[in-house]
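Each remark here refers to the structure printed beneath this line.
The values are calculated or read from the model by the stated rules, or taken from the named source; none is laboratory data. Computed from a predicted model, the values in this text were never measured in an experiment. Here the Cβ is made from the backbone with ideal geometry for all residues, glycine too, and neighbour counts use every protein chain on show. Calculation scope for accessible area: heavy atoms of the full protein, side chains included, ligands and nucleic acids excluded. Shrake-Rupley method; radii C 1.70, N 1.55, O 1.52, S 1.80 Å.
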Amino acid sequence: MPLADPAVGVGSGAGESVPVVRLLGIRHHGPGSARAVERSLQGAPPDIVLIEGPADADPVLALALHEQMRPPVALLSYALDRPEVATFHPLASFSPEWVALTWALRHEVPVRFIDLASKHALAGSGTGEQLSLSGECDTDRAGPSRPADPLAELALAAGYDDAERWWEDMVEHRGDASCEAPDTDTEAPDAALPDLAVDEPFVAIGEAMHALRAMYEPTGEPIDAAEQRREAHMRAAIRTAVRDGYRHVVVVCGAWHVPALRVAFETGRARRDTATLRGLAKVKAAVTWVPWTHRRLASGTGYSAGVTAPGWYHHLYTHAGADVIARWFSEAAQVLRAGDHPVSAADAVEATRLAEALAAIRNRPLAGLAEVDDAARAVLGQGTDAPMRMISDSLVIGHQIGAVPDATPMVPLARSLAAEQRRCRLKPDGARRTLELDLRRPLDLHRSELLHRLGLLGVVWGVETEGRSSAGTFRETWSLRWEPELEVRIIESAALGTTVVAASTEAVLQRARSATSLGDLTVLLEAALLARLDDAVPAVLAAVSQQSAMALDVQRLLDALPPLVRTRRYGDIRSGSSTGTSTGTGDTAALLDGVIEGLVSRVAAGLVAACAGLADEASASMADSVREAQAALGLLGRDHLLTTFVTALAGVSEHPRVHGLVQGLATRLLTDALALSAAASQQRVSRALSIGTPPTEAAFFVEGFLGGSGTVLVHDPLLLGVLDGWLATLTGDAFTDVVPLLRRTFGAFEAAERRAIGERVRTGETPSAAVSVELDPERVAAALVTVGQLLGVSP
């Protein structure tokens with residue numbers, strides 16, 4: 001039966017006008033569909049608008065017209081007792097559902113969402129399976145009874161290998177179709193039967209979907225049980241609207257569902273739908289609005305209903321008209337100029353002309369993204385990729401992020417976060433950006449604390465790329481990007497507390513109670529200090545003290561030292577910046593000092609035994625731990641602790657059963673600490689490279705001793721001579737064995753170091769005599785004051 005024919009079903013009584021149900025089958029996030037829906041609604045205003053979307057979202061729909069609401073946004077549905085079980089229903093300014101919703105609200109026309117309610121969708125089917133989604137979810141998920149992208153099937157049938165290109169030609173770039181109002185006063189042959197009609201340009205898509213579904217659903221019903229429930233619910237909602245007395249109903253739904261909704265009034269359909277929906281499992285669920293981003297509307301992020309170019313579609317919908325291509329190239333020129341790529345007005349004009357010419361040659365109604373991309377590459381990008389990546393990132397995909405009103409239902413933690421964001425002047429942004437913080441400034445310090453607190457909650461808004469963690473200074477560098485799914489993480493954390501501080505404190509305490517290793521606790525302690533969670537620090541520190549007293553593994557004790565030292569130093573250097581309790585003073589600092597001293601004593605007592613008898617891989621891991629622990633103790637500046645550690649290293653460097661890599665590292669650290677004289681160091685290296693040492697073991701010693709830096713070989717010709725002489729004595733087979741190790745060692749040197757070493761070996765030159773330099777004490781004192789300020793150390 002043709003889709004435009006009257007449907008069979010139940011309707012009004014005799015003598016009354018026939019109810020009209022108009023089915024507008026759309027493509028999710030299609031600007032052409034959005035414009036067609038708007039024309040249809042304006043040309044024939046209905047009595048009620050029904051939209052595919054979670055039925056329990058009706059209480060929050062009115063917020064769509066709020067002055068603070070700015071798409072892209074999404075309806076977030078989540079289970080109250082399991083917030084991680086959630087789905088998103090994204091909507092952009094060019095989404096047909098959003099256009100229909102806002103049109104109905106502006107014209108005071110009743111509007112309802114008619115898809116299966118979230119309380120059922122989140123509970124799964126009646127058999128008890130659970131639908132667990134931690135990311136965005138399309139309401140039209142592909143199942144066994146349907147293709148992943150029905151429109152791609154139509155594009156393929158039309159001879160297109162690109163569904164986006166087909167859609168642009170058929171819908172996005174078509175001229176405005178007239179939309180005549182249906183004659184609601186004309187009675188059908190049977191006045192008791194509602195009339196289901198399909199408006200232009202939806203009729204062709206609806207007929208095509210009818211044929212497509214017949215291929216995938218031989219029985220006429222979806223194979224997927226979830227699809228059956230959804231379509232049964234939508235049909236029931238249509239019948240409910242007619243029973244409520246609405247004579248002119250418009251239904252906005254995915255084109256795939258049009259054939260299924262056309263049979264809403266078939267004889268017996270209501271009974272079958274009621275049976276399908278009977279006994280559905282349900283959970284307590286909530287629905288709210290959350291901000292979304294254009295980037296997460298892109299199909300490249302895994303969103304099944306996404307489009308390849310949300311920024312491009314936003315442009316098509318916002319600037320529909322004859323100058324849409326010219327406006328695009330004007331914006332592209334601005335993006336490139338901001339990125340230091342010279343683009344003139346003449347270039348933008350030429351690119352526009354080229355795109356339009358390409359469209360004419362390719363017999364397209366309007367230049368599409370392919371033509372625009374080709375023209376931009378040829379004229380603006382001069383055939384290179386870098387400008388095109390900027391255009392793609394900024395315009396084709398887009399960085400736009402939506403906003404929701406303050407009146408939107410939120411968990412208390414979300415409101416606390418919004419207040420903190422305003423206080424810190426940090427606005428969520430869908431584009432990745434770099435944030436440089438100077439922690440001596442109160443605003444930047446608050447920003448750092450907020451980002452660290454959110455990280456403890458699993459709300460990873462920012463990632464620290466460099467700064468304090470490596471040098472203990474006042475500078476931090478963050479890479480920020482707000483992702484929509486972070487809203488779910490906030491809801492998940494809402495049970496921990498009503499404020500960001502309270503929730504992150506509770507998160508730290510829970511992790512401290514469940515931690516089983518000293519390393520996890522020390523990292524957690526450092527994070528708590530960075531977040532300035534004063535109420536959590538004593539409990540974590542007590543757990544660290546308890547674990548350190550029971551720990552037996554020396555390497556784990558070594559690994560625990562760097563975060564503890566950074567924690568101690570953090571309190572020292574920021575005590576003047578923070579208004580809260582500092583770890584640099586009081587009982588907390590004293591307890592931390594005691595833990596560090598205890599760890600160093602236990603490491604020193606067991607280091608030699610722990611380093612003996614290790615294989616290659618274990619020795620490499622131990623060497624890393626020793627190197628980082630020594631660097632941390634040097635940063636702490638406690639001479640007695642460093643002396644204790646260096647004394648233990650002396651035993652490691654001489655022990656015959658210690659791996660050459662660890663021996664070489666210990667010898668280098670002793671030399672740098674002046675615990676070995678230059679002559680003693682050369683003698684130790686000579687012994688390690690003597691003929692009695694296996695070549696491979698000697699090569700490992702060289703790797704450990706040089707430690708990724710060739711400076712010592714550049715400035716010490718005697719040591720370089722020892723190494724050169726050792727290489728000259730190797731047999732051919734031995735040299736082949738050690739080449740990979742030496743390549744790895746020398747490959748870690750700076751290029752300038754390698755050149756200097758090569759030149760020294762080639763010429764045999766020795767360094768010139770050192771030049772005596774007299775320093776001005778006053779200038780040295782001034783320089784030390786500056787260095788002290790940079791490091792946060794009082795002169």
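Of the residues contained in the range 713-731, one or more are found to be more than 24 Å from THR667 (Cα to Cα) and at pLDDT 75 or above.
Criterion applied to LEU439, LEU451, LEU426 was being in contact (Cβ under 8 Å) with a residue 12 or more places away in the chain, touching a Ser or Thr at 6+ places or on another chain (Cβ under 9 Å) and of a type in the set (A, V, I, L, M, F, W, C), and the one residue passing it is LEU439. Going through (1) open to solvent by 10 Å² or more (accessible area, probe 1.4 Å); (2) under 30 Å from ARG568 (Cα atoms) one by one, LEU439 falls short only on (1). Picking from residues in the range 263-273 that are surrounded by fewer than 23 Cβ atoms within 10 Å (Cβ to Cβ) and touching a residue at least 40 places away in the same chain (Cβ under 8 Å), the one that is farthest from the chain's Cα centre (by Cα) is THR267. Is there a residue in the range 565-580 that is assigned to a helix (DSSP H, G or I), modelled with pLDDT of 80 or more and surrounded by 20 or more Cβ atoms within 10 Å (Cβ to Cβ)? There is at least one residue in the range 565-580 that is assigned to a helix (DSSP H, G or I), modelled with pLDDT of 80 or more and surrounded by 20 or more Cβ atoms within 10 Å (Cβ to Cβ). Against the criterion of being in contact with a Leu (Cβ under 7 Å, 6 or more places away or on another chain), open to solvent by 30 Å² or more (accessible area, probe 1.4 Å) and not in a helix (DSSP H, G or I), VAL283 qualifies.
Out of curiosity, is ASP340 surrounded by fewer than 21 Cβ atoms within 10 Å (Cβ to Cβ), outside any helix (DSSP H, G or I), of a type in the set (D, E, K, R) and modelled with pLDDT under 85? Yes, satisfied.
Conditions (1) in contact (Cβ under 8 Å) with a residue 12 or more places away in the chain; (2) more than 28 Å from the chain's Cα centre (by Cα), marked per residue:
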| position | (1), (2) |
| --- | --- |
| ALA275 | no, yes |
| LEU280 | yes, yes |
| TYR313 | yes, no |
| GLU331 | yes, no |
| ALA359 | yes, yes |
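Exactly one residue among ALA414, ALA407, ALA403 is open to solvent by 50 Å² or more (accessible area, probe 1.4 Å), among the aliphatic types (A, V, I, L, M) and touching a residue at least 24 places away in the same chain (Cβ under 8 Å), and that residue is ALA407. For the range 515-531, a residue qualifies if it is surrounded by fewer than 21 Cβ atoms within 10 Å (Cβ to Cβ) and part of a loop (DSSP other than H, G, I, E, B), and the qualifying residues are ALA515, THR516, SER517. Of all the numbered requirements in (1) in contact with a helix residue (DSSP H, G or I) (Cβ under 7 Å, 6 or more places away or on another chain); (2) closer than 30 Å to LEU61 by Cα; (3) basic (Lys, Arg), ARG415 misses one, and that requirement is (1). Every condition in (1) surrounded by 18 or more Cβ atoms within 10 Å (Cβ to Cβ); (2) out of contact with any helix residue (DSSP H, G or I) (no Cβ under 6 Å at 6 or more places or on another chain); (3) not aliphatic (A, V, I, L, M) is met by ARG389 except one, and the failing one is (1). Tallying residues that are closer than 26 Å to ALA79 by Cα and of a type in the set (Gly, Ala, Ser) within the range 229-285 yields 8. With respect to the stated conditions, VAL508 is in a helix (DSSP H, G or I), surrounded by 17 or more Cβ atoms within 10 Å (Cβ to Cβ) and at pLDDT 85 or above.
Among the residues of the range 682-702, are any of a type outside the set (D, E, K, R), touching a residue at least 40 places away in the same chain (Cβ under 8 Å), part of a loop (DSSP other than H, G, I, E, B) and buried (at least 23 other Cβ atoms within 10 Å of the Cβ)? No, because not a single residue in the range 682-702 is of a type outside the set (D, E, K, R), touching a residue at least 40 places away in the same chain (Cβ under 8 Å), part of a loop (DSSP other than H, G, I, E, B) and buried (at least 23 other Cβ atoms within 10 Å of the Cβ). Going by the structure shown, is PHE202 more than 24 Å from GLU38 (Cα to Cα) and of a type outside the set (Asp, Glu)? It is false that PHE202 is more than 24 Å from GLU38 (Cα to Cα) and of a type outside the set (Asp, Glu).
Here LEU591, LEU599 are screened, and the one residue that is in contact (Cβ under 8 Å) with a residue 40 or more places away in the chain, open to solvent by 50 Å² or more (accessible area, probe 1.4 Å) and over 26 Å from PRO717 (Cα atoms) is LEU591. Just checking, does the range 240-254 include any residue being part of a strand (DSSP E or B) and hydroxyl-bearing (Ser, Thr, Tyr)? Looking through the range 240-254, none of the residues is part of a strand (DSSP E or B) and hydroxyl-bearing (Ser, Thr, Tyr). Any residue at all in the range 353-373 that is more than 30 Å from ALA286 (Cα to Cα), open to solvent by 60 Å² or more (accessible area, probe 1.4 Å) and either touching a Lys or Arg at 6+ places or on another chain (Cβ under 9 Å) or small (Gly, Ala, Ser) (or both)? Checked the range 353-373: at least one residue is more than 30 Å from ALA286 (Cα to Cα), open to solvent by 60 Å² or more (accessible area, probe 1.4 Å) and either touching a Lys or Arg at 6+ places or on another chain (Cβ under 9 Å) or small (Gly, Ala, Ser) (or both). Look at LEU676 and say whether it is more than 24 Å from GLU753 (Cβ to Cβ) and among the hydrophobic types (A, V, I, L, M, F, W, C). For LEU676, the condition - more than 24 Å from GLU753 (Cβ to Cβ) and among the hydrophobic types (A, V, I, L, M, F, W, C) - is not met. In the range 672-680, the condition of being crowded, with 22+ Cβ neighbours inside 10 Å, small (Gly, Ala, Ser) and within 28 Å of VAL739 (Cα to Cα) is met by no residue. Among the conditions (1) open to solvent by 50 Å² or more (accessible area, probe 1.4 Å); (2) touching a Cys at 6+ places or on another chain (Cβ under 9 Å), VAL626 misses just one, which is (1).
Each residue in the range 423-436 was checked for being open to solvent by 20 Å² or more (accessible area, probe 1.4 Å) and under 30 Å from GLU331 (Cβ atoms), and 8 of them qualify.
Cβ-Cβ distances below 6 Å connect the following pairs, each with a first residue in the range 455-476 that is modelled with pLDDT under 85 and of a type in the set (Lys, Arg), a second residue that is part of a strand (DSSP E or B) and surrounded by 18 or more Cβ atoms within 10 Å (Cβ to Cβ), and a separation of six or more residues or different chains: ARG468/GLU476; ARG475/GLY467. Every condition in (1) modelled with pLDDT of 85 or more; (2) within 22 Å of VAL565 (Cβ to Cβ) holds for ASP639 except the one numbered (1). Among the criteria (1) more than 30 Å from GLN400 (Cα to Cα); (2) buried (at least 20 other Cβ atoms within 10 Å of the Cβ); (3) of a type outside the set (Val, Ile, Thr), the one PRO484 does not fulfil is (1). Among the residues making up the range 644-661, those that are over 22 Å from VAL702 (Cβ atoms) and surrounded by 14 or more Cβ atoms within 10 Å (Cβ to Cβ) are THR644, PHE645, ALA648. Screening PRO538 with (1) modelled with pLDDT of 75 or more; (2) crowded, with 17+ Cβ neighbours inside 10 Å; (3) over 22 Å from ALA629 (Cβ atoms) gives one miss only, at (2). Contact annotation: residue pairs with Cβ atoms under 8 Å, 6 or more positions apart or on different chains, pairing a residue in the range 72-89 that is over 18 Å from LEU116 (Cβ atoms) and in contact (Cβ under 8 Å) with a residue 60 or more places away in the chain with a partner that is among the hydroxyl-bearing types (Ser, Thr, Tyr) and open to solvent by less than 10 Å² (accessible area, probe 1.4 Å), are PRO72/THR293.
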